[in-house]
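Below is one structure; the comments refer to it alone.
Just so you know, all these numbers are worked out from the coordinates, no wet-lab data involved. Note that this is a predicted model, so its numbers are computed, not measured. So basically every Cβ, Gly included, is an ideal-geometry build from the backbone, and we count neighbours across all protein chains shown.
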Amino acid sequence: MIEFKLPSLGSDMDEGTLLEWKVGVGDTVKKGQVMAIVDTTKAAVDVESWQEGTVHQLIAEVGQKMPVGTVMALLLESGEKPAPGGAPGVGAGATAITAAPMARRMVSPAARKHAEEKGVDLDSITGTGPRGAVTLQDVEAAAAKQPSTLPAAPAAPVPKAADRAADMRKTIAAAMSRSKREIPHYYVAEDIPLARALAWLQAANAQRSMAERLLPAALLLKAVALALKRYPELNGYWRDGAFVPVAAINLGVAISLRQGGLIAPALLHADGKPLTLLMQELTDLVKRTRAGSLKSSEMNEATITVTNLGDQGSQAVFGVITPPQVALVGFGRVAERPWAENGGLKVLPVVTASLSADHRVSDGHRGALFLLELNDRLQRPEELDQ
Amino acid sequence: MTDAEIRAVALATLLSIAPEVEADELRGDRPLRSQVDLDSMDWLNFLLGLHEKLKVEIPEADYARLITLDDVVAYLHNKLGAG
């Protein structure tokens, strides 16, 4: 019998609420198939199965809040017969699960707030946003159709959005406090000239349609992924008092949410993807993160985090490591700066790259070498597109 | 298309990316991205949205000219050949 447990969906998540079962009793489940949708303080997450089997019993009830590690369902292994007398089926929440699964509503925060203010029932709206997300315009259209004599919006739901934001703040606070309490951080930084990389990017984009253009972020992410191959001590987890390296390079990309807070879902196997694919996946990841639709593998498989302040940010960022990871790479704003080279002075686009790393696992010298490797990779942009 | 129509399309596109924006509070002569907090991907999606709605090609080399909402409207006006 296989126990399907609520996985950790990031170090900062210790519980979740079951929103919907995506499988029923008797269904055959493949590896990677979405079993359930679970709401965390940060997002609604598609929880995937990591084993094959046949659903024998759904234990968790829709609407149930449970800690990480809770057995949500039982699966029969291939060829396995259920124990005699054992009642397959569902737990106490059987009726709710089979009769009326709670539909996940992907709703933009502004739309949710507006719906609460206008007393609009979100379940009555068909979303027109990404993957059916309900947008502000959808709510406005629905509100316009409502009778003008609507009763005042109920007082209770209004704090919900605020509660959710407060919950997310608490979750981030807990994870970051733990990080700073447990991880002895060290920091190194390197100014990296980007003239070559941006010239290559400009030439590449000139050949592409608008929809296929690359952002500098794609180059930075790929360069990080490739540089990590030579510095495996920065890619992995600190578990049970020891470092566990991970072969796959899964970059957790810090994505800020418009309503505040951030999530760092993973771009899986970033080192092996050409830039076009990496850019497509990054675009999709940002879209789904902001629409609240992520997969469990994206939430719990990042092996290192990259935070990129972009062109609206500060010159440099020194991040807090996301446990159990052991490093974080930060990029500040790309800006023109004076650059001394070969006895001369010129003006170049430059980015400050930083590394925050766990001193239990690596030392500043290795961290500095990693940044030099990153610099080197970015001076050969054409090789990043492989 | 008139400037007002172009501005309406631009605002609708912006709202689809940043739904929290209060269109009435936007200053057309101030940098758009700092008023709305658009990151580079939001900006790309904004321009892509304009491209799809108005069938206007916006070369990357022109991005630097598009700072304010007024800049965007004037640029699109030019591209559309509107009188």
### Summary
Which residues qualify? For A:LEU348, with a placed amide H closer than 5 Å and at least 5 residues away or on another chain, they are A:ARG337, A:TRP339
#### Entry: Computed E for A:ARG337/A:LYS229 - FRET, C-beta separation, R0 30 angstrom, nearest 0.05
0.55
### Note, ³J(HN,Hα) from phi for the range A:225-232, Karplus 6.51, -1.76, 1.60, rounded to Hz, x at Gly and Pro
4, 6, 5, 5, 4, 8, 10, x
#### Entry: Average beta-carbon neighbours from other chains, 10 Å sphere, peptide B:62-75
0
### Query
So for the range A:184-384, taking the charge dipole from beta-carbon charges (+1 Lys/Arg, -1 Asp/Glu), which of A:PRO323, A:VAL286, A:TYR237 sits furthest toward the positive end?
A:VAL286
### Separation of the B:ALA12 and A:GLN64 label points, Cα + 7 Å toward Cβ, nm
4.7 nm
### Summary
At R0 = 30 Å the Cβ-Cβ FRET efficiency linking B:ALA4 and A:LEU257, nearest 0.05, sits at 0.40
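How high is the FRET efficiency between A:LEU369 and A:HIS269 when r is their beta carbon distance and R₀ equals 25 Å, given to the nearest 0.05? Mind showing how you got there, number by number?
Working: r = 24 Å, r/R0 = 0.95.
Efficiency, from the Cβ-Cβ distance: 0.60.
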### Message
Using 22 Å as the Cα-Cα cut-off, could you pick out the over-long pairs in A:LYS287/B:LYS53; A:LYS5/A:LYS31; A:LYS273/B:LYS53; A:LYS180/A:LYS287; A:LYS229/A:LYS295; A:LYS222/A:LYS346?
### Response
A:LYS273/B:LYS53; A:LYS180/A:LYS287; A:LYS229/A:LYS295; A:LYS222/A:LYS346
### Query
Over the range A:1-73, what relative contact order in percent results from Cα pairs under 8 Å that are six or more residues apart?
42 percent
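How do the peptides A:247-254, A:198-205, A:17-24 rank, highest first, by the average count of neighbouring beta carbon atoms within 10 Å per residue? Mind dumping the intermediate values first?
Values: A:247-254: 20.6, A:198-205: 16.1, A:17-24: 19.1.
Going from most to least packed, we get A:247-254, A:17-24, A:198-205.
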### Other protein chain Cβ atoms within 10 Å, averaged over every residue that makes up A:242-248
0
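In debye, nearest 20: dipole of chain B around its Cα centre with unit charges on the Cβ of K, R (+) and D, E (-)? Provide the component values of the computation, followed by the final result.
Numbers: 8 positive and 16 negative charges, 57 e Å.
Value, rounded to 20: 280 debye.
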### Query
Other chains' Cβ within 10 Å of B:12-23 residues: what's the mean?
4
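Using the Cα atoms of the range A:184-384 to build a convex hull, what is its mean projected area in square nanometres? Don't jump to the answer; show the numbers that get you there.
Numbers: hull surface 46.9 nm².
So the Cα hull casts an average projection of 11.7 nm².
Suppose the chain between A:VAL71 and A:ARG208 were pulled fully straight at 0.36 nm per residue; how much longer would it get relative to their current alpha carbon spacing? List each step's numbers first, then the result.
Working: separation 137, 0.36 × 137 = 49.32 nm, distance 4.84 nm.
Using 0.36 nm per residue and subtracting the Cα-Cα distance, I get 44.5 nm.
Of all the stretches in chain B, which is the longest one without any exposed loop site, taking trypsin sites (Lys or Arg not before Pro) in a DSSP loop (any state but H, G, I, E, B) with at most 16 other Cβ atoms within 10 Å? The partial results should precede the final answer.
Values: sites that count: B:ARG27, B:LYS55.
Longest run free of exposed loop sites: B:56-83.
Hand me the GluC sites (Glu not before Pro) from chain B located in a DSSP loop with no more than 14 other Cβ atoms within 10 Å, in residue order please.
Values: sites: B:GLU5, B:GLU20, B:GLU22, B:GLU25, B:GLU52, B:GLU57, B:GLU60; in loops: B:GLU20, B:GLU22, B:GLU57.
Answer by residue number: B:GLU22, B:GLU57.
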### Message
Could you give me D for chain B, from Stokes-Einstein at 25 °C and 0.890 mPa s, where the hydrodynamic radius is the Kirkwood radius over C-alpha pairs? Units µm² s⁻¹, please.
### Response
193 µm²/s
### Two-decimal Rg/Rh across the range A:1-90, once Rg and the Kirkwood Rh are taken from alpha-carbon atoms
0.97
### Query
Among B:PRO59, B:LEU69, B:ALA23, whose Cα lies farthest out toward the positive end of the dipole of chain B, if unit charges sit on the beta carbon of Lys, Arg (+1) and Asp, Glu (-1)?
B:PRO59
### Query
Using 7 Å Cα-to-Cβ label points, what is the A:ALA195/A:THR28 separation (nm, one decimal)?
6.1 nm
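Taking 0.36 nm per residue of separation and subtracting the Cα-Cα distance, what length does fully extending A:MET1 through A:VAL347 add?
Details: separation 346, 0.36 × 346 = 124.56 nm, distance 6.47 nm.
Value of the extension gain: 118.1 nm.
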### Query
Between the DSSP loop rule and a limit of at most 16 other Cβ atoms within 10 Å, which trypsin sites (Lys or Arg not before Pro) in the range A:306-386 are left?
A:ARG360
